[in-house]
Amino acid sequence: MRIAVIGAGLMGRAAVHDLARVEDVKQVGVFDIDESLAKDVALRYGEGKGTPAVLDAGDESRATEILRDYDAVVSCVTYKYNPGLTRAAIEAGCHMVDLGGNNDVVNIQREMDGDAERAGVIIVPDCGLAPGMVSIFAADAFAKLDRTKSIKIRVGGLPQSPRPPLNYQMVFSAEGLINEYWEPCVILEEGKKKVVSPMTAVEGLEFDGIGTLEAFYTSGGTSTLPDTYAGQVDFLDYKTIRYPGHCQLMKPMLEIGLGSRQKIEVDGQAVEPRALFKAVLDKNLTLGGLDMVLVRLIADGEKDGQAKTIVYEIVDRQDNKTGLTAMMRTTAFPAAIVAWMAAAGQITERGCKPQEMAVNPSLFIPQLKKRGINLEIKELS
């Protein structure tokens, strides 16, 4: 099979690394607007299967032409390109997954469900970490319980050695980080969708060997789960994990408007606060230290008339041998797995479907473990 990767940044190169090591993948297309970057990633990560080429992700007609030669594509570019790439994939008859991260964009893609179904392809948005594989864990837990009372999802990408004052380093795009901290959050409460403010409801939690941490509401992590499980799950939420005190320091910066796109005048220049904030974060928090990713999903409910709790937990640390960060591994590998599953015929759904409905957890989870992502599942009565 032939699988394309659009975007040769951090997540793109991890997707290429993963797909190139799958035996039945014969070719991995590496596409980026920067030709030299595409060539470098194809050479360094493609295991002799990488085929680089130039592509402007906003050029739908060119994307359509390219994707006619591929069985599936992974979009690793920023989410604003995903509607156009979705149209291109449908026109080309190519399965597609993306890293998502924006609910409005996902809603636009889902409006193409009928077109994708008629074209005989599966489009699966939000296939990274969170949104991403945690949705598949939620589906796995839901299927194992007769009644699901709550699903609580906690995820964070952190430096292994935190540095003050924010105890954080950039592990993905600054745009994505600000979006999570800025946009409203959707949860389920009493089985109904509810919107809550980001960076609220701070709670403490512990991870063995790491210590005390905090978690708070951020946008996007629940993805389509509130729609899928409304009326079926009493309570469902998502919080981002950080070192203690991070929320208290970061939230005021956003409250005074540093996440806004509304331009203000500074010394006669029109300046977008968000653009400035992104530049400051990239400059001062791109530290290059080793990272780790923490995941904990707790599902509470009943099975055979008895109370039951199912816990999914991951502690993934940067892989020094490959140079792939934990965030690259836990974000790009799930997307690559779903793309491979689609190309291999292991996903039979057609249309634009959320992964909790389209992806079989019993097929997906072994693939994670095969890649060295240490997922522990505990079932407690």
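The values are calculated or read from the model by the stated rules, or taken from the named source; none is laboratory data. It should be emphasised that the depicted structure is a prediction, and the values quoted were computed from it without experimental measurement. In this analysis, Cβ positions are derived from the backbone assuming ideal geometry, glycine residues included, and neighbour counts consider all displayed protein chains.
General remarks:
One line per residue, one yes/no per condition, for (1) of a type in the set (A, V, I, L, M, F, W, C); (2) modelled with pLDDT under 95:
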position	(1), (2)
Leu10	yes, yes
His17	no, no
Ala38	yes, no
Leu67	yes, no
Ile90	yes, no
Gly101	no, yes
Asp104	no, yes
Gln109	no, no
Ala119	yes, no
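- Taking (1) surrounded by fewer than 19 Cβ atoms within 10 Å (Cβ to Cβ); (2) among the β-branched types (Val, Ile, Thr); (3) part of a helix (DSSP H, G or I) in turn, Thr51 satisfies each apart from (3).
- Any hit, the range 298-317, residues being part of a helix (DSSP H, G or I) and of a type in the set (Phe, Trp, Tyr): no
- Residue in the range 328-341 that is within 25 Å of Ala119 (Cα to Cα), in the same structural domain as Ala119 (by TED's automatic domain parsing), touching an Asp or Glu at 6+ places or on another chain (Cβ under 6 Å) and part of a helix (DSSP H, G or I) present: yes
- Boolean, Leu294 is touching a Gly at 6+ places or on another chain (Cβ under 7 Å) and either closer than 14 Å to Gly372 by Cβ or modelled with pLDDT of 95 or more (or both): yes
- Note on the range 116-138: residues that are among the aromatic types (Phe, Trp, Tyr) and in contact with a Cys (Cβ under 9 Å, 6 or more places away or on another chain) amount to 0.
- Ala130 in contact with a helix residue (DSSP H, G or I) (Cβ under 7 Å, 6 or more places away or on another chain) and not basic (Lys, Arg): no
- Positions within the range 74-109 being touching a residue at least 12 places away in the same chain (Cβ under 8 Å) and of a type in the set (Asp, Glu), in sequence order: Glu91, Asp98
- The range 55-107: number of residues that are over 17 Å from Glu180 (Cβ atoms) and aromatic (Phe, Trp, Tyr): 2
- Strands (runs of 3 or more DSSP E) contained entirely in the range 221-283, each with at least 3 residues that are assigned by TED's automatic domain parsing to the domain that holds Gln160 and under 20 Å from the mean Cα position of the chain (by Cα): 233-242
- Residue in the range 284-291 that is hydrophobic (A, V, I, L, M, F, W, C), assigned by TED's automatic domain parsing to the domain that holds Leu158 and modelled with pLDDT of 90 or more present: yes
- Taken as a whole, the condition of being in contact (Cβ under 8 Å) with a residue 12 or more places away in the chain, within 21 Å of the chain's Cα centre (by Cα) and at positive phi applies to Asp126.
- Of all residues in the range 364-381, those satisfying the criterion of being in contact (Cβ under 8 Å) with a residue 60 or more places away in the chain and in a loop (DSSP other than H, G, I, E, B) are Arg371, Asn374, Ser381.
- Any strands (runs of 3 or more DSSP E) falling wholly within the range 83-199 and containing at least 1 residues that are among the charged types (D, E, K, R) and assigned by TED's automatic domain parsing to the domain that holds Pro244: 147-159, 185-189, 192-196
- For the range 187-211, the set of residues classified as in contact with a Phe, Trp or Tyr (Cβ under 9 Å, 6 or more places away or on another chain), more than 17 Å from Lys251 (Cβ to Cβ) and crowded, with 16+ Cβ neighbours inside 10 Å consists of Ile187, Leu188, listed by residue number.
This table checks each residue for (1) in contact with a Pro (Cβ under 6 Å, 6 or more places away or on another chain); (2) surrounded by 17 or more Cβ atoms within 10 Å (Cβ to Cβ); (3) assigned to a helix (DSSP H, G or I).
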residue	(1), (2), (3)
Val5	no, yes, no
Val16	no, yes, yes
Val28	no, yes, no
Arg44	no, no, yes
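- Which numbered condition Arg118 misses (of (1) surrounded by fewer than 16 Cβ atoms within 10 Å (Cβ to Cβ); (2) within 14 Å of Ile6 (Cα to Cα)): (2)
- Condition broken by Asp113, with the remaining ones in (1) at pLDDT below 95; (2) in contact with a Cys (Cβ under 6 Å, 6 or more places away or on another chain); (3) not β-branched (Val, Ile, Thr) satisfied: (1)
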